[in-house]
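Have a look at the structure below, then the notes.
The values are calculated or read from the model by the stated rules, or taken from the named source; none is laboratory data. The structure displayed is predicted, hence computed values, not measured ones. Here the Cβ is made from the backbone with ideal geometry for all residues, glycine too, and neighbour counts use every protein chain on show.
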Amino acid sequence: MDLSRRQFLTTSALVTGAVGLGLRPSHPLRILILGGTGFLGPHLVRFALYRGHHVTIFNRGRTEPTMFTNLFSQVEKRVGDRADDLASLASGEWDVVIDNSGRDADWTAASAQLLKGRVGRYMYTSSTGVYYPYFGDDITEETPVLTEVMENDDGSSAYGVMKVLSERAAQAAFGSDRTVVVRPTYIVGPGDRSNRFEYWPARIQKGGEILVPGNADDPIQYIDVRDLTEFMIRLLENEASGTLNCVGPESRLGMHAFVHGVHAITSAAVHWVPIPDHDFLIEHGVPYAVPWIMPAGNEVGSARINFQHALGEGLTYRPLATTAADTLEWWYSDAVTPERRARLEEGLMAREAGIIAAWRERL
């Protein structure tokens, strides 16, 4: 598969632009995005411009977007730093702000306080990580969350607490009626910078013996970046407020069904090697293979997030095959460097045969 960045991005823009889901709003919004050039940012910019809105992005000016680059000539750019330089945001008015780069509660508090008199609505991009440790089987927006880091934390609770405190900082400045908090689970799709979900379409396309961790019905949850960002823009168009878990797919999905769903995009001959033994997987360094997270201990409910509220507000989903195929096409375009593709193959792919051999020795 040899697709140039120009070909991929042009095709992707045409395909995803066709899912506007209704007429364009009669009153274009002035949208400020804190961030804008990372993973979510280009998808937000694309859909916001498609819907006829005016977009301003604020960032350090150090990262160039790798998707929809031609659209950024239509975007106003303001340069600064969330940590210590908000001077370029001292003037200007917007209808909404989307905070995608809130990695510190103090950053959120500072930007929200600075903007509260000149922006109508604040959207904070949080995470279902706020529910860590995940002890429920039906985790809703009303599930209690931590506000202090757990003892002996490995970083998991610290991340969740940071997101909770950031949400509350936005709500303190804008009030609950002018704040929208979206809590996505693992965000996947073209432009992903994590080397997590893309493992599966890339590995399955290669064929052969494929390690499948966990039990058949171990639950899987994820959200396509385009489903998330389009939903975010529509929420702002509808003047929504409140907190929403942004999770997919709409139908409950187990790990075995997931890999079969990804396999639908390729004719590669595969032989599945299920390994349901959690202790064995931990012993061999496979506690997760996103979107599979071992449903044990503090993670037992991590893929059991309730998203009925978001469904009621209009969250929609692409098929898994579409997400996987588009991710694979992007992965082999020149929007991804050969060095990055090599790093993916140095991880679980490189250890897979050895783990399978060790599993068979135990049988």
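Consider only pairs whose beta carbons are under 6 Å apart and that are at least six residues apart or on different chains; among these, list those whose first residue lies in the stretch 92-110 and is over 13 Å from Thr125 (Cβ atoms) and whose second residue is assigned to a helix (DSSP H, G or I).
Ala105/Met162; Ala105/Leu165; Ala105/Ser166; Ala105/Ala169; Ala109/Ala169
Quick check on the stretch 152-195: of everything there that is in a loop (DSSP other than H, G, I, E, B) and modelled with pLDDT under 95, which residue is surrounded by the fewest Cβ atoms within 10 Å (Cβ to Cβ)?
Step one: filter the stretch 152-195 for residues in a loop (DSSP other than H, G, I, E, B), giving 152-155, 175, 185-186, 189-195.
Retained after the next criterion (residues that are modelled with pLDDT under 95): 152-155, 193-195.
Details: Asn152: 6, Asp153: 15, Asp154: 8, Gly155: 8, Arg193: 10, Ser194: 12, Asn195: 16.
Result: Asn152.
Criterion first (more than 16 Å from Ile282 (Cα to Cα), surrounded by fewer than 17 Cβ atoms within 10 Å (Cβ to Cβ) and free of Cβ contacts under 8 Å to residues at least 40 places away in the same chain) does Ala321 satisfy it?
Numbers: more than 16 Å from Ile282 (Cα to Cα): yes; surrounded by fewer than 17 Cβ atoms within 10 Å (Cβ to Cβ): yes; free of Cβ contacts under 8 Å to residues at least 40 places away in the same chain: no.
Taking the combined requirement at face value, the residue does not satisfy it.
Do any residues in the stretch 48-72 that are in contact (Cβ under 8 Å) with a residue 40 or more places away in the chain and on the phi > 0 side of the Ramachandran plot have Cβ atoms under 7 Å from those of residues that are surrounded by 19 or more Cβ atoms within 10 Å (Cβ to Cβ) and of a type outside the set (Gly, Ala, Ser), where the two are at least six apart or on different chains, and which pairs are they?
Here the result reads Phe68/Leu9; Phe68/Pro42; Phe68/Val45; Phe68/Arg46, each pair linking the stretch 48-72 to a residue that is surrounded by 19 or more Cβ atoms within 10 Å (Cβ to Cβ) and of a type outside the set (Gly, Ala, Ser).
Given the condition among the hydroxyl-bearing types (Ser, Thr, Tyr) and assigned to a loop (DSSP other than H, G, I, E, B), answer yes or no: does some residue in the stretch 137-145 qualify?
The initial filter retains those residues of the stretch 137-145 that are among the hydroxyl-bearing types (Ser, Thr, Tyr), namely 140, 143.
Right, trim to assigned to a loop (DSSP other than H, G, I, E, B) and you get 140, 143.
Yes: the stretch 137-145 contains one or more residues that are among the hydroxyl-bearing types (Ser, Thr, Tyr) and assigned to a loop (DSSP other than H, G, I, E, B).
So which residues in the stretch 25-46 are part of a loop (DSSP other than H, G, I, E, B), in contact (Cβ under 8 Å) with a residue 40 or more places away in the chain and not hydrophobic (A, V, I, L, M, F, W, C), if there are any at all? Steps first, answer last, please.
Restricting attention to the stretch 25-46, the residues satisfying the condition of being part of a loop (DSSP other than H, G, I, E, B) are 25-29, 35-39.
Going one step further and asking which of them are in contact (Cβ under 8 Å) with a residue 40 or more places away in the chain, we end up with 25, 29, 35-36, 38-39.
Those that are part of a loop (DSSP other than H, G, I, E, B), in contact (Cβ under 8 Å) with a residue 40 or more places away in the chain and not hydrophobic (A, V, I, L, M, F, W, C): Pro25, Gly35, Gly36, Gly38.
Taking the stretch 47-82 as the region of interest, how many residues are within 16 Å of Trp94 (Cα to Cα) and assigned to a loop (DSSP other than H, G, I, E, B)?
Within the stretch 47-82, the first condition is being within 16 Å of Trp94 (Cα to Cα), and the residues that meet it are 48-49, 52-58, 75-78.
So of that shortlist, the ones also assigned to a loop (DSSP other than H, G, I, E, B) come out as 52-53, 75.
Selection size over the stretch 47-82: 3.
Looking only at residues that are farther than 16 Å from Asp192 by Cα and acidic (Asp, Glu) in the stretch 294-345, which one is modelled with the lowest pLDDT?
Glu345
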